[in-house]
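The values are calculated or read from the model by the stated rules, or taken from the named source; none is laboratory data. Here the structure is a predicted model, which means the values were calculated and not measured. Reconstructed Cβ throughout: ideal geometry from the backbone, glycine too, with neighbour counts over all protein chains shown. The area values use the complete protein model at the heavy-atom level, side chains included, leaving out ligands, DNA and RNA. Shrake-Rupley method; radii C 1.70, N 1.55, O 1.52, S 1.80 Å.
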Amino acid sequence: MVAMKMLINGKAAGACGGECFDVKNPATGELLEQVPRGTEDDIALAVEAAVSAFEGWASTSPQQRGMVFYRAAGVVRQRKEELATLLTQEQGKPLAEARNEIEGFAHVLEYYCGLAGSLRGDFIPVPGNGYAFTVKKPLGVCAAIIPWNMPALIMSWKIAPALISGNTFVLKPASSTPLTNLTLASVLNEAGLPAGVLNVITGSGETAGESLVRNPHVKKISFTGESGTGIRVAELAASGMKRVTLELGGSDPMIVCDDANLESAVAGAIRGRFYNCGQTCTAVKRLYVFESVAEEFISKLKAGVRNLKVGNGLDNNTDMGPLNNSHQMEYIKELVAEVKEKSEGRIITGGKIPSFKGSDKGYFFEPTLVSDVPEDSRLLKEEVFGPVLPIVKVKNLDEAIEEANRSSYGLGASVWTKDLDRARMGCEQLNAGIIWVNQHFKVAPEVPFGGIKGSGFGRENGPDVLSEYLETRTIMLKT
């Protein structure tokens, strides 16, 4: 059974090797689809199609490219329920979150449609030497390897700026969540995207992913995922002098000051940690609370977390779905077991597999709070991709910032306070690519997003990202 195939040169395609792999529902363990296991040969065919389509697409006006996005966004909104259901089935997140992500995909397309007319160079008078012009040219074939946590939204972050700039594209989805990506790609084709402009190859990172990065015709690689894999991508890309964007892991700190609105901060912590079962790069992964308000804050947080309903994402009453795969499940179980065995903190609530009908079929884990966590705990040092939130009490903002900056990651951070001086201090001293004040987690397509330190380099989103997909050529004219 192969119900869904790869997309190469505008057509459905099986794998050259004839092999397939299963895509399962993480809430039930049931088989959803089998998809082709792409190989180096399939990558070569996809890149060849993208090379052939490049000249025609690059010569299309940006406004015409934008209209394809505009039409596709409209179809995506019309099919939101269907697409959200598919996303929930393969990824696990609640339907409300899936609907939000599908809307986000459409919004990103519309945003870059609006930027289509801004693709232009500069006119520069050069005293004594006439004039200079800069011309922006697309790179050629670009590619992306994306993760399973936000497959639709991250797909849009990658393909939209690349395609609106006149490049062609090869996308490698995560092995556990390729179905929504394949469906969205077909929507773009139906909206008028020429054959070969966007190609989607399913398969493993070791085979399809590495082949994509190694291919000499690929000029730019954008990768979102685990830091170790990102380093491997950078190493492979370096030998081919390819442009690289790496959006890697994060261990985002949230700092709650003693003057913060505690109700808002509690709500922000719950959403920031347990949205998508904690499987988000910018999730709140470390919580630092002033000692003077810690008891009250933790009491309110505990009550809110205990009210979260864990279950199948297709149930509209579900607040938190399952983890996406068995690897994540085993990792979270291991971390929590280590807390108990080594006495590295006190589990306030959660810490086990929930008990409800069917919970043994999926990758479910209770939303978990751990207090009094020592600084050398894995909960604070690693990127914990799951529903476990460590809490550390601090005396003041100086101590909180020092502890927050101790991490090797630097993706996001937030400070919660009514004091503008404290807010300014947090924004100036926290080492992160994006810093929120009295909010956490929101990433809009209108603003640059990316990390520092071990969280990678390069930026997604905003108008500046277009320069990542364009090269500048300078023309000197003497009259």
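What to note about this one:
- Filter result for the condition that a residue is over 21 Å from the mean Cα position of the chain (by Cα) and over 15 Å from residue 275 (Cα atoms), over 309, 333: 333
- Hits in segment 303-336 (condition: modelled with pLDDT of 95 or more, in contact with a Leu (Cβ under 7 Å, 6 or more places away or on another chain) and open to solvent by 20 Å² or more (accessible area, probe 1.4 Å)): 314, 319
- Just one of the listed residues (52, 118) is touching a residue at least 40 places away in the same chain (Cβ under 8 Å) and in contact with a Gly (Cβ under 6 Å, 6 or more places away or on another chain), and it is 52.
- Residue 95 being closer than 16 Å to residue 153 by Cα and touching a residue at least 40 places away in the same chain (Cβ under 8 Å): yes
- Of the residues making up segment 433-479, those that are of a type in the set (D, E, K, R), in contact with a strand residue (DSSP E or B) (Cβ under 6 Å, 6 or more places away or on another chain) and farther than 22 Å from residue 152 by Cα are 471, 473.
- Positions within segment 175-187 being open to solvent by 10 Å² or more (accessible area, probe 1.4 Å) and assigned to a loop (DSSP other than H, G, I, E, B), in sequence order: 175, 176
- Odd one out for residue 233, checked against (1) over 21 Å from the mean Cα position of the chain (by Cα); (2) of a type in the set (A, V, I, L, M); (3) surrounded by 24 or more Cβ atoms within 10 Å (Cβ to Cβ): (1)
- All of (1) of a type in the set (Lys, Arg); (2) under 25 Å from residue 230 (Cβ atoms); (3) modelled with pLDDT of 95 or more hold for residue 442 with one exception: (3).
- Filter pass, residue 339 being farther than 17 Å from residue 359 by Cβ and crowded, with 18+ Cβ neighbours inside 10 Å: yes
- Pair list, Cβ < 6 Å and 6+ apart or interchain, from segment 252-273 residues that are buried (at least 24 other Cβ atoms within 10 Å of the Cβ) to residues that are among the polar types (S, T, N, Q) and not in a helix (DSSP H, G or I): 252/282; 254/414
- Only one of the numbered conditions (1) out of contact with any Gly (no Cβ under 8 Å at 6 or more places or on another chain); (2) touching a residue at least 40 places away in the same chain (Cβ under 8 Å); (3) surrounded by 16 or more Cβ atoms within 10 Å (Cβ to Cβ); (4) not aromatic (Phe, Trp, Tyr) is not met by residue 300, and that is (2).
- Selection of segment 342-371 for residues being open to solvent by less than 30 Å² (accessible area, probe 1.4 Å) and part of a helix (DSSP H, G or I) yields only 359.
- Across segment 143-174, the number of residues qualifying as of a type in the set (Phe, Trp, Tyr) and crowded, with 24+ Cβ neighbours inside 10 Å comes to 2.
- Scanning segment 405-421 for residues that are without any contact (Cβ under 8 Å) to a residue 12 or more places away in the chain and either open to solvent by less than 40 Å² (accessible area, probe 1.4 Å) or not acidic (Asp, Glu) (or both) returns a single hit, 420.
- Out of 375, 402, sole residue that is closer than 17 Å to residue 294 by Cβ, open to solvent by 60 Å² or more (accessible area, probe 1.4 Å), among the charged types (D, E, K, R) and free of Cβ contacts under 8 Å to residues at least 60 places away in the same chain: 375
- Screening residue 134 on (1) assigned to a strand (DSSP E or B); (2) hydroxyl-bearing (Ser, Thr, Tyr); (3) surrounded by 15 or more Cβ atoms within 10 Å (Cβ to Cβ) shows it passes everything except condition (3).
- Segment 188-216, residues that are of a type in the set (Gly, Ala, Ser) and either over 13 Å from residue 42 (Cβ atoms) or part of a helix (DSSP H, G or I) (or both): 191, 192, 195, 196, 205, 208, 209, 211
- Complete set of residues in segment 188-202 that are open to solvent by 10 Å² or more (accessible area, probe 1.4 Å) and at positive phi: 192
- Filtered residues of segment 432-458 (kept if in contact (Cβ under 8 Å) with a residue 24 or more places away in the chain, open to solvent by 60 Å² or more (accessible area, probe 1.4 Å) and more than 14 Å from residue 282 (Cα to Cα)): 438, 446, 453, 457
- Some residue of segment 293-304 being within 23 Å of residue 26 (Cα to Cα) and in a helix (DSSP H, G or I): no
- For segment 205-224, the set of residues classified as at pLDDT below 95 and open to solvent by less than 40 Å² (accessible area, probe 1.4 Å) consists of 205 only.
- In summary, residue 318 fulfils each of the numbered conditions (1) assigned to a loop (DSSP other than H, G, I, E, B); (2) under 26 Å from residue 405 (Cβ atoms) with the single exception of condition (2).
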